[in-house]
Structure formats: C-alpha cells, structure tokens
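Here the structure comes first, spelled out in structure tokens, and everything after it is commentary.
The values are calculated or read from the model by the stated rules, or taken from the named source; none is laboratory data. What you are looking at is a predicted structure, and each value in this text was computed from that prediction instead of being measured. Counting neighbours? That spans all protein chains shown, and the Cβs are built from the backbone with ideal geometry, glycine included.
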Amino acid sequence: MRITWNSSDSDPRPFTLPPIGNGELSLQIDPEGTMRRDYALFSRPQISGYRGMEPGIRRAGWRWEGEKGERGTLFPFGCFLQEFPGRERPSKLSMTLDTRDAVVETVAAWEDGMRLETLVFCHAEKNLVVIRKRSSRPLEYRFLHRLLHRRLKLERVAPGIWNGVYDLGMIRTERLAVFASRPEFAPVLTQDGIESTGTLTECVWILAWGDDAIEAAGKESFDELLRSHTRSWRDFHARCRSIPLPEQLVRVYETALYHLKISSTRWGIPTGLFDSHWHGKYFGFDELFIMRGVLAAGMLEEARKVAAYRIACLPRARFRACKDGSGDGSCWFPTVTTEDGSDCSVSGFWQDHIFQNANIALGILEYAKASGDDMLLREGGREVIRACALLYEKHMLYECGGKTIIGSCTDLERLGEHRRNAFMTTCSGIALFRAAAEAAEIVGDTSGEAAHFRELARRLAEGLPEKDGRFLAYEGGPAESIGLLGGFYPYGVLPGDDPRGLAALDSFIAAEQRIGNMYDTGKSVCAWYRLWKSLALLYANRREEAGEELNRLAGETGVWGELFEIYEVGMRPFFTTAEGAFISAVVQLYGTHFNAGGKCHERYL
C-alpha cells in the first residue's frame, strides 16, 4: 500500500517519521529524504517534535551503557544528512511510504522550480541502506553520513571503506562503507563524518555494515539491489494471510504488518527498535500480544524466532529462580530483557510482575499449535512452559482460607504494590497450568503431570476474587480495571457467557474514559486497551461492538496508519504491542485461521 503525505495538506493526524529496517537495522526518514533532527520544517504543530522519535540508525543487539549509564542502551550508528550550498530549505515537501515494497520516496521542491527526488530503502536481507537522489537540474550538493562517536574509532581500509572499532564495554570490530555511484562524489572522512560533495543530477549512496553487505554493495547495481529487496518483501506478503477488510482498516492493517516485519529481530520482536521504545528491549508480557498478531497474520517464521529466543534464554531464567540454576526446575524470566536474556528493567512496580512468565509460555504453545511444529516443544519449548508453570506452583501458590491462591505480587503496575490473589495474575496462572498440561500431552508425557497441572488450574479458578457477582482486581480492590478483562482476554479461562466476566467487561466500558490509558494520562482509551476490549468483546460473542471499537481506533492513528501507545498525547508511535493485538482482532472478525496443514485451527484470543 502506498501512503502519501504532503506539506500542503491540512491533515490533522499526528505526523511521525516513517521507519525503514530489516530486523537488524532500524532508522527513520524525514520529508527531505534524510534524517534531520531539525523539527522546524514548518509551523504546523502536527509535524513538530516527531512525537519523540528522533531519527537515528540503530542495530538490534548492539548495546552499551549509554550517556546516562542505563543498561542496554542501543548504540548510535549516526544518521545521514544533506546540504544545498547557497539554497534555502525547500518550500514544499511530499513523502510516500510504500508498505508493500518497503521503500520511502520524497520530493522536495523550491519556488524556482528545482525538484529533488529521493528513494530510500533498507535492504530486506543485507545490512545496506540505499539512497538514490535525483535533481531536476544540476544542484550543488553535500551528502554527509554523521557517525562519529567517542566510543567509535575509524581506521581506513580502502577508498570508501573503514574498519570500525566499537567500545561497547567489550571491543567489537566491523567494517563499514559508504559508496557513491558517481566518482565526483567519492566519500572522504572529515571532522563531521563521512562526506560526499559535488554537483548533483543523479547519484546513489549506499551505507553498508559488515563484509557480506560491503561485498554486495560493491558488486550489485541500484536496480539489482532494489529488485532483490522488493522480491524478498513480495515473498513475505505472499506467505502472509490476505484478508478482505473494510476500507478504513486497510491502512492500519498494512502498516501494522509492515512494522511488525521490520521489527522482527534475530531474537524476537521488541515494542519497537527505536530509542523511544525502551531501546528495543524485549517485554515478556507484551510478547504474547505480538506473538498472536504475527501468528494471525501467518508470519510463522517471525513467530518461531520469538519462541526460540525464550528457549535459548532458559538457563539464565532458571538461575534467576534458583541460585544454582537447577533447584526445583522452575524459571523466572525478568520483565524486560536484552538479547542474551539479561534483566534490564528499571526500578518500578513492574519488577514484581510474574505474569510475563505465563505469557512467554503461552506464546510458545500457541506457535507450536498454529504451525504444527511439535518438534520445537520437544527441543526445549515444552521445558520452558513446564519451568514457568513450576515457578507459579513452587514459588507463588498458597492455601489461604480454604482457597488456593497466588501470593503477593504486583498485578498491573498501575494498580500499585503487591496484592494477594490478584485477578489478572490468577487468570494467567490458570491459563499457564492448562498450557503446561497440554504441552505435556502433545509430547507424550505419561508421568501424570498433565493431570496435576489441570487440577492446579481448577483450584485457582475456584478462588478468583469476587464480590456481589462481580470479579475484583484483588480482594478489597476495584471492580474497574483493564486487568478484569483478563478472564476473557488475553487468557480466555472463563466461559464467554460468564456473568461475572461480563460484569467486569461492562464495568471497564463504563469507566474507560477514566481508566483506559496505560498511564494516568488524559481522558481516552489507548490503542492497546481499546484492542484488549475489542478482543474481550469478541470472546463474549459481542461482534458488532468489537467491530465498532476497531472502526473507532482507525480514526486514532497517525498519517501512516500507525498505532500509538498513547494516541491522545502522541506517545510512542509504531507500537508493536498494539499492532499485534490489532491484527489478532481484525483476523478474528474478518478472517479464518488455518494452520500450516490447511486445517481450520481454533481461534486465537
């Protein structure tokens, strides 16, 4: 889908910079076809500030401690800029995001008729950023790749090629290159970065990281690189599920699909591979919402990487649960992790969640069932699910007043400090024990563990906190919270017609203007919670209301159809958690699920 923005438009929707990437590289393009951080393009407020997403090249897995000492900060790989000596800034701008071919095109125009056209893409399979510039007549032009950093040392290897030595706490070395297709624009290293100056009519610049990418950039033409890039993207769309959607939802669906793809790293899918999105760290709780979205879309390859990442991190999660890493067989995945599974969460109530462990386990099982990949369960997946279930059983279950309950932990962080028998966490435990039983049955375990876990789930379900026919967030707690939808979505542990679950859903709807944001901000419902509500309505078979929620959400997106964490204040556009939930909802409402064997699969929550 091609989505175009013009500087002369009166579009009231928030303007953000469209991202490009390939799951390792991530960057954002400005309306001039570069990566300027100068927000004063125009006086129009909807394009000022870029909604906190300052353009910069970042790479998954490349981290340092940051200027402020924050663990797991993405290392800055600079940006590329341009100058027009003797000219003012352009008077008119337009840009197009093509979500099908994953390219961004821009046109800058001046009053004297000069036009500068740019096409930019990040190659789908190689660590290349390719930039083609065309001017309508000769234009004095300076291209600059600004990448100098106190932790980076550049050593010249050959024309246009440098060896980069990165001090990231440990030394990493990698070659990088800047190539220009015209000899007059031969790049040179200056005090500002790697620059390229000349008279422009047409030129292609290629930024390359690593030997394989540099070799490809030296051998292949612009057209060849663009063909292999678009072929890879068309192959991706061919394996994704095609769904007939109402016109107002198409733009949001296509952009969500596009952004989930470029956010899929070798390890998993963060909330976004940007500084503004917690530096692309991995949130175990959000992971289930994202996983369900990619499964619903048919993105099985991307879903498998999420599951494989958690299997690889199991030894570290076991050490977090038990000092010697073995103990009772349980594991504890932290709330937020980096690529090796290290805990990198900052201080806050979220450190006292446990339900991320349930979400990780559920995601693995749902991937295996949707794909038919039972081997993943046999080669570590089932063990992760079992270890997460043992965390709940061995560390968190108590007998109290004749009930089996989950002991003190923080439910949703906005509810504050530790509570016993918290509703949403208990629902996660019920779903987790059922998943552990199902995984044991799939792999043919005959130890009787499946029956044991099902019994634990039954006992927890009997003790869910309630009063006067309504569930409570916790005993003595509020009857109005997004967490009270948890019995329907995301955990689906209650019948869809459970009167207590329906009362909880309706209590949220009645109070959503007050409690419907992720944070205590504004008087609206954030995209993620609106989708949470829509999926709960679907579970309760209230399909018309669910559809209305999606239509309402379509009017709360940015120029590119991007979903925000908090739309009302323009916080964190291109938010994969909401994107995953959105795709999950629209596929349930308008499509049919099929597993890899072509058989109709049970609905996703």
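Just a few scattered comments:
- Among residues of the range 510-526 that are farther than 18 Å from ALA578 by Cα, those with a Cβ under 6 angstrom from a residue that is outside any helix (DSSP H, G or I) and at pLDDT 75 or above, sequence gap 6+ or separate chain, pair up as ALA511/GLU480.
- Verdict on ALA308 being crowded, with 24+ Cβ neighbours inside 10 Å, outside any loop (DSSP other than H, G, I, E, B), of a type outside the set (Val, Ile, Thr) and at pLDDT 90 or above: no
- Cβ-Cβ under 7 Å pairs, at least 6 apart or on other chains, the range 447-461 side closer than 12 Å to ALA436 by Cα, far side part of a helix (DSSP H, G or I) and of a type in the set (D, E, K, R): ALA450/GLU441; ARG454/ARG434; LEU456/GLU393; ALA457/ARG434
- Checked across the range 11-32, the condition of being among the small types (Gly, Ala, Ser) and either more than 30 Å from LEU168 (Cβ to Cβ) or modelled with pLDDT under 95 (or both) holds for no residue.
- Looking only at the range 430-451, and only at residues there that are part of a helix (DSSP H, G or I) and in contact with an Asp or Glu (Cβ under 9 Å, 6 or more places away or on another chain), the one that is farthest from LEU288 (Cα to Cα): ALA450
- ALA504 being among the aliphatic types (A, V, I, L, M), closer than 22 Å to ALA296 by Cβ and assigned by TED's automatic domain parsing to the domain that holds ASP411: no
- Residue that is nearest to SER264 (Cα to Cα), among those in the range 550-582 that are surrounded by fewer than 22 Cβ atoms within 10 Å (Cβ to Cβ) and charged (D, E, K, R): GLU556
- Whenever a residue of the range 475-488 is hydroxyl-bearing (Ser, Thr, Tyr), its partners that are modelled with pLDDT under 90 and not in a loop (DSSP other than H, G, I, E, B), lying with C-beta atoms within less than 9 angstrom and at least six residues away or across chains, give the pairs SER481/ARG414; SER481/LEU415; SER481/ALA511; SER481/ILE515.
- Subset of the range 334-367 [outside any strand (DSSP E or B) and among the hydroxyl-bearing types (Ser, Thr, Tyr)]: THR335, THR338, SER342, SER345, SER347, TYR367
- Identity of the residue in the range 286-303, crowded, with 18+ Cβ neighbours inside 10 Å and more than 15 Å from the chain's Cα centre (by Cα), that ends up farthest from ALA578 (Cα to Cα): LEU300
- Residue ranges of strands (runs of 3 or more DSSP E) in the range 154-240 with at least 3 members in contact with a Pro (Cβ under 9 Å, 6 or more places away or on another chain), buried (at least 18 other Cβ atoms within 10 Å of the Cβ) and assigned by TED's automatic domain parsing to the domain that holds ARG100: 171-180, 193-209
- Where strands (runs of 3 or more DSSP E) fall wholly inside the range 58-131, the ranges with 1 or more residues that are of a type in the set (A, V, I, L, M, F, W, C) and surrounded by fewer than 20 Cβ atoms within 10 Å (Cβ to Cβ) are 103-109, 115-122.
- Residue in the range 391-405 that is modelled with pLDDT under 95 and surrounded by 21 or more Cβ atoms within 10 Å (Cβ to Cβ) present: yes
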